[in-house]
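Step one of this worksheet: look at the structure below.
The values are calculated or read from the model by the stated rules, or taken from the named source; none is laboratory data. A quick note: this is a predicted structure, and the numbers were derived from the prediction, not measured. Because the Cβ atoms are built from the backbone with ideal geometry, glycine has one as well, and the counts that use them run over all protein chains shown. For accessibility, only protein heavy atoms count, side chains too; no ligands or nucleic acids. Shrake-Rupley method; radii C 1.70, N 1.55, O 1.52, S 1.80 Å.
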Amino acid sequence: MSNIKVNVRGGAAPPGSLADYLKGVKVKLVTISGKGGVGKSLVTAAVGLGLALRGYRVGILDGDIYGPTIPKLLGVAGSTLYVDSRTGRIVPVSGPFGVKVVSIDFMLPSDDTAVIWRGALVTQALRDFISQVDWGPLDVLMVDLPPGTGDAPLTIAQSLQGGIDGSIIVTIPSEISRRIVVKAIDFSRKVQIPVAGIVENMCCFVCPDSGKTYYIFGEGAGRRIAEKAGVPFLGQIPMDPSLSKYLDEGRLHEFLALDNDAVKHIMSIVDSLASKYADKLRQKVEEERPKRFSLMKLPGEDEEQQGGG
């Protein structure tokens with residue numbers, strides 16, 4: 001069993017009270033996919049950065065405990081979480097465009113460390129990330145959930161008790177993905193999370209030489225799913241050969257500054273969400289006073305110190 005320590009100080013909040021810790025957040029969105037490999041974390045990171053580019057204050061909670069990738073996509077992998085010495089709460093890492101980021105990845109001893117936890121510990125970690133992190137006033141908090149409809153999504157939904165404003169459901173245009181997405185929509189409805197809309201990733205490939213569009217996995221699946229389910233279709237993201245390079249180098253924020261078709265599609269999705277929640281985004285929240293910071297002990301430090309005598 002891993003010895004990662006998430007609960008930095010005190011116990012987790014009792015069930016039903018976690019929403020109080022996010023009163024300074026205007027809009028709370030979760031990103032869901034019924035299966036892995038469809039680009040859920042990419043959509044979370046891209047939309048979060050896009051909203052920040054539009055001038056909104058954004059936070060991203062990487063809720064994928066077993067496979068955290070948000071820090072890598074944002075170029076902040078290897079960063080250290082701190083604890084406010086006055087409040088005892090965790091201070092998020094500051095990413096590109098001032099996006100606040102919290103991930104279990106920041107607490108792992110190395111990139112190769114596996115998180116070998118049962119569902120109860122994952123649940124505890126997610127509750128701690130809500131109750132013990134000083135998110136401060138935010139316009140949007142995005143929560144990147146692991147694939148499926150198990151403990152992690154259920155924990156967030158139940159802990160915030162209707163406080164989630166919407167779910168962004170990510171799919172690719174294939175029949176297999178379509179069948180799973182329908183389950184994700186059903187899950188979202190059963191736990192009373194409004195579906196913000198569907199994003200179709202890897203919708204197509206536009207040949208840079210000929211300009212011809214190839215629908216590798218099929219055409220129009222995301223829109224058809226949305227229409228059949230009666231939920232909004234937020235848009236689609238085409239495959240771009242250069243995007244992989246930017247992602248591998250943690251420069252997604254630089255990719256969004258380019259003038260190309262993929263970026264235009266991403267920003268269209270961002271603008272659709274900003275328009276959808278325009279009323280809430282115009283609300284005011286109380287600003288918090290500056291805080292003093294102190295370094296937080298990383299997982300494994302106690303053991304290393306003991307071993308070193």
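Side notes on the structure shown:
- Taking amide H as placed 1.01 Å from N in the peptide plane, residue 133 has its amide H under 5 Å from the amide H of 90, each at least 5 places away in sequence or on another chain.
- Using every pair of distinct Cα positions in the range 57-175, the Kirkwood expression returns a hydrodynamic radius of 15.1 angstrom.
- √(5λ) per eigenvalue of the Cα gyration tensor, the range 150-287, largest first, Å: 28, 21, 14
- Converting phi to 3J(HN,Hα) with the Karplus coefficients 6.51, -1.76 and 1.60 and the offset θ = phi - 60°, the range 234-249 yields 7, x, 9, 10, x, 6, 9, x, 6, 4, 4, 5, 5, 5, 4, 9 Hz in sequence order, with x at every glycine or proline.
- Considering only the Cα atoms of the range 80-119, their convex hull presents on average a projected area of 4.2 nm².
- Backbone amide hydrogens, once placed in the peptide plane, bring residue 25 within less than 5 Å of 138, excluding anything fewer than 5 places away on its chain.
- For the listed residue pairs 26/100; 190/264; 100/190; 190/276; 40/276; 26/190, the alpha carbons are over 25 angstrom apart in 190/264; 100/190.
- Coupling constants for the range 188-200 follow from the phi torsions by the Karplus curve (6.51 cos²θ - 1.76 cosθ + 1.60, θ = phi - 60°), and in residue order they are 4, 5, 5, 9, 6, 9, x, 7, 5, x, 10, 10, 9 Hz; glycine and proline get x.
- Separation of the residue 84 and residue 192 label points, Cα + 7 Å toward Cβ, nm: 3.0 nm
- With all protein chains in place and ligands, DNA and RNA left out, the 1.4 Å accessible area ranks 105, 139 as 105, 139, largest first.
- Anisotropy class of the range 49-102 from Cα gyration tensor, a/c 1.5 cut: oblate
- In nm, spacing of pseudo-spin labels at residue 210 and residue 158 (7 Å Cα→C-beta vector): 5.3 nm
- The alpha-carbon positions of the range 63-132 define a convex hull whose volume is 90 Å³ per residue.
- Solvent-accessible area of residue 179, all protein chains in place: 150 Å² (probe radius 1.4 Å, heavy atoms, ligands and nucleic acids excluded).
- In whole angstrom, the range 223-277 maps to an equivalent ellipsoid with semi-axes of 25, 13, 9, each derived as √(5λ) from the alpha carbon gyration tensor and ordered largest first.
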